[in-house]
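The values are calculated or read from the model by the stated rules, or taken from the named source; none is laboratory data. The structure presented is a predicted model; accordingly, all values stated were derived computationally and were not measured. Reconstructed Cβ throughout: ideal geometry from the backbone, glycine too, with neighbour counts over all protein chains shown. Heads up: the accessible areas ignore ligands, DNA and RNA and are worked out on the full protein's heavy atoms, side chains in. Shrake-Rupley method; radii C 1.70, N 1.55, O 1.52, S 1.80 Å.
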Amino acid sequence: MSLIHCLMILSALAPGAAARETIEFTEDPLKVVAKNIAGKKAVLVDVRSVEEWNEGHVDGAIFVPVTSLRKHSLDPKKLAKTLPKNKKTILYTHCVVGMRAKAAGLILQKQGYAVRVLKPGCEELIKAGFKKSDEKYDEREAAKDEDSRQRNAG
């Protein structure tokens, strides 16, 4: 057996080599996405940055920046306060070109959520007929809300 063959076999057997998890873009057409959202079977989850969100976002989208999912050890109870409690509800993650949406989708999928990653970004969704909102995200107000939730829980 050649050295190359041995290396190929070893790399295939290495821990985690086959266990790498991925998530693909959904094949759901945007009309189906809109129908699922209108029928309360799904929600949009915007995983972009605060700055991008504040420049405009899809009306009704839930704001969960991928950076917050990556940084924090994910607390399922905290996440359940933000996302639908019915884990059968589809979460359509989106960003600009899809890479952050995939990363967030994989994290959320590991938490038991039904996730479908959208390749079209926020601008494409708005061009396709999803309503735009310019409502700003106030980080200070969000921090106050979180502080009061923690005080009330304890």
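Quick check, is Glu123 at pLDDT 90 or above and either among the hydrophobic types (A, V, I, L, M, F, W, C) or surrounded by fewer than 19 Cβ atoms within 10 Å (Cβ to Cβ) (or both)? It would help to see each step written out before you state the result.
Numbers: at pLDDT 90 or above: yes; either among the hydrophobic types (A, V, I, L, M, F, W, C) or surrounded by fewer than 19 Cβ atoms within 10 Å (Cβ to Cβ) (or both): yes.
It is true that Glu123 is at pLDDT 90 or above and either among the hydrophobic types (A, V, I, L, M, F, W, C) or surrounded by fewer than 19 Cβ atoms within 10 Å (Cβ to Cβ) (or both).
Residues that are of a type in the set (Val, Ile, Thr) and within 24 Å of Asp134 (Cβ to Cβ): list the helices (runs of 4 or more DSSP H) wholly contained in the range 55-123 that include at least 2 such residues.
On the way: elements: 66-71, 76-82, 99-110.
Correct list: 66-71.
Quick one: how many residues across the range 34-60 are under 15 Å from Lys127 (Cβ atoms) and in contact with a Leu (Cβ under 7 Å, 6 or more places away or on another chain)?
So the answer is 1.
Do you know which residues across the range 70-99 are in contact (Cβ under 8 Å) with a residue 40 or more places away in the chain and open to solvent by 70 Å² or more (accessible area, probe 1.4 Å)?
In the first step, residues of the range 70-99 are kept if they are in contact (Cβ under 8 Å) with a residue 40 or more places away in the chain; the result is 81, 83-84, 89-96, 98.
Listed by number, the list holds a single entry, Lys81.
Based on this model, can you work out whether Lys35 counts as charged (D, E, K, R), assigned to a helix (DSSP H, G or I), modelled with pLDDT under 95 and farther than 14 Å from Val117 by Cα? Even if it seems obvious, please write down each step before you answer.
On the way: charged (D, E, K, R): yes; assigned to a helix (DSSP H, G or I): yes; modelled with pLDDT under 95: no; farther than 14 Å from Val117 by Cα: yes.
In short, no.
Look through the range 59-69, keep the residues that are within 16 Å of Pro84 (Cβ to Cβ) and β-branched (Val, Ile, Thr), and return whichever of them is most open to solvent (accessible area, probe 1.4 Å).
Checking each candidate, the answer is Ile62.
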